[in-house]
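Worksheet: the structure to be examined is printed underneath.
The values are calculated or read from the model by the stated rules, or taken from the named source; none is laboratory data. The structure presented is a predicted model; accordingly, all values stated were derived computationally and were not measured. Glycine gets a Cβ as well: all are built from the backbone with ideal geometry, and neighbour counts include every protein chain shown. Ligands, DNA and RNA are excluded from the accessible area calculation, which covers all protein heavy atoms including side chains. Shrake-Rupley method; radii C 1.70, N 1.55, O 1.52, S 1.80 Å.
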Amino acid sequence: MNKYEPEMENGDVTRNGDEETKTLPHLPLPTLASSADCLTRWFTPFLSNEQRAKSRTALNAFIEPQGLGSQLHARLQSMFDKDDDNHWLNDYWTSRFLAKRSSIAINDNYFCLFRHGEADRIKRAAALIAAALNYKLVLDQGHTPIATKRHTVLCEKQLQNLFSTTRIPGEPQDSLRGSGPIEGMDLNSSTPRHIVVFCRSNIYLLELISGDGHPHSLKDIEKGLEVIVDSSLDEQSSGRAIGHLTALPRTDWARTRKSLLQSSQNNAFNLELIETALFSVQLEDRKPDDNLAACQQLLSGDSGNRWFDKSLQFIIFNDGFAGLNVEHSGLDRATIVDFLDYVLGIDPQSIDQYSGASDQGTPLSKNLTFDLTPTFQKKIMRAANSYKKRQQEIVSKILQFADFDVKLLAQNGISPDAFAQCALQLAHWRLRERPVAVGQNITMRHYAFGRVQSLWVLTSEMVDFVDTMLDINNDSADKYLALKKAALHHEIRIKECRKGDIAEQHMAELLNIYNRHPEEFQADFLTRMTSGGLSQQQIEDALSLFKSTGWTCMRKDAFNTSFLASPTVLYQGFKPADPGNIAISCVIHNGDLNIFACANSAQEDWLIEFLSNWQQVLVELQSLLRHNGDLPNIEIDLDD
């Protein structure tokens, strides 16, 4: 079989990613003192002197020697030392994703809108399926391109969650099911060979690899999809679209799924086929009016034609618009964009050559129908109605800044995300006359098992920049210098994060450890009171950190931001975790800065006003760079 082996930008050809990952260092566990200093730097720009003093007092109570924080940190250190195949934030990520009990539909899954391609729905879907299958075959052979950044190899452990991976609802938390043998189905292989296709809320199995192990050609896949579309015209899905159930709160869905499994062998077998499928494909009759409508459908489209537990849902609209809905617990956006740049970069006419596929006739397809009692049907309808209500609770907008001059930024030594963050703060300050807490996702894949961490980007230098811009007595050179200094300190903060300065996650995981076994720590302290142990009041004083203004100021009315660059992805987006927050997702695409913003529906007017102002500031700051970029030898003192 031929292998698709593109060269990387740095000239490295494909290698075995799993072996490369084993050589990466583990994320270092910060000391309590370093995390306390880091957290203080993060909350300082938001607080008055009095608030800062009170927050630091609470922080000191938490980290004092032999105190609660020290005991929790020691427990975390011992857990980390015993596990060579993971990192100290593993339980934090498990709790953040799999332990959540709310619905993952809209709330947690994110989307990517692809650049526009073939307008025919069947041809576009077939090309995406064939390209993704090719990636899977190459991945199985250990020949996927090694992801690198600045010549540093990145961890590729998340690639194992791309295919045949499904989030399984459970109590008290969910689990991830990976690829493996399919119970009750002999395919002469230990791994699945099929996908599931959703069309008009009906679910179909579609075989991609024949019994002799050869992939079906692009032409075969097109024929298989045509059969499915024709069949769906005759099927009635009202009250039987069980995809709605995957939008339920997780405990509710776990119990419903258990009942489905126990209700009949047919139901159990069909669930097995869905959950082990390589990925799912959603064929939509809808034609989005524009990019915004497409983004909205990718994030919060028809739940009856979705299976939100699948790691990958390729969604193709009737005009060829296409995108991906991703279950987040096993896959971060950076990994997905790397995957999509690979998949969407393949010429559809060459896919068969790359994968070794051949014409074998129309592939096997099967309508997966479930035995649904009236009780199940009522449950499906209630799930559908609940989901529709949640669709109305969010609002989203897009902004395409078509003159995003990355070359100009590079000439001035300013990164695109630093520039956008400075503009965001200035735009917000002009409207609300105060700074705003902004979290930015930073990939940590240069560590083994590394995921994404969030850092809070507001620095004292960014506050100074805003003050300088608002002071009419400052000339353009002053403003230029302030912008450069703020942008540079933004980069410094990111570098600190990438080195392991992730104070918020550190403190949050210590709190998680306490919350999992509070009685254990309290009992230990109370039994040692006569020999210098902590009193209940001391425990409460230590935990007051998590109620302090220094801790809460970075969570209320905040912006959650993500920045990516891609030649194949137009937009990416997600819903903010907190109803008072705004999610901002940015993609640098072929000279444009494409922004998707999502918030609670009550904030629609504010969101429109903010995006308009942000765009004006982006234009203003680029003009500032163009008129001052030739200033001679401006020195920036990083110690003042």
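Between helix 121-140 and the chain there is an angle of about 70 degrees, using the helix long axis and the longest principal axis of the Cα atoms. Charge tally around SER259: other residues with Cβ under 14 Å, Lys/Arg +1 each, Asp/Glu -1 each, net +2. Can you tell me the 0 to 90 degree angle between the C-alpha axis of helix 250-263 and the longest principal axis of the chain, rounded to 10? Tilt of helix 250-263: around 20 degrees. Normalised per residue, the accessible area of the chain is 41 Å², obtained with a 1.4 Å probe and no contribution from ligands, DNA or RNA. The rule of thumb for compact globular proteins, 2.2 N^0.38 Å, goes into the C-alpha radius of gyration of region 403-508 1.16 times. Against the main long axis of the alpha-carbon atoms of the chain, helix 333-343 sits at an angle near 40°. Can you send over the carbon and sulfur percentage of the accessible area for the chain, probe radius 1.4 Å, protein chains only? About 47 percent, which is the carbon plus sulfur part of the accessible surface. Size descriptors for region 344-424 (Cα atoms only): Rg and Dmax, in that order, 25.1, 66 Å. On full extension, the segment bounded by ASP471 and ASN385 gains 25.7 nm, given 0.36 nm per residue less the C-alpha separation.
Summing Lys and Arg as +1 and Asp and Glu as -1 over all other residues whose Cβ lies under 14 Å from the Cβ of GLN313 gives a net charge of -3.
Under a cut-off of 21 Å between alpha-carbon atoms, report the lysines in cross-link reach of LYS219, not counting same-chain residues fewer than 8 places apart. Those lysines meeting the cut-off are LYS3, LYS123, LYS136, LYS366.
Straight-line cross-link partners of LYS575 among the lysines, defined as a Cα under 16 Å from its Cα and at least 8 positions apart when in the same chain: LYS100, LYS388, LYS389, LYS397, LYS556.
Considering every alpha-carbon pair of the chain, the percent of pairs per 20 Å bin, from zero through the bin containing the longest distance, is 18, 49, 29, 4, 0. Counting only protein heavy atoms and using a 1.4 Å probe, the accessible area of MET381 comes to about 90 Å².
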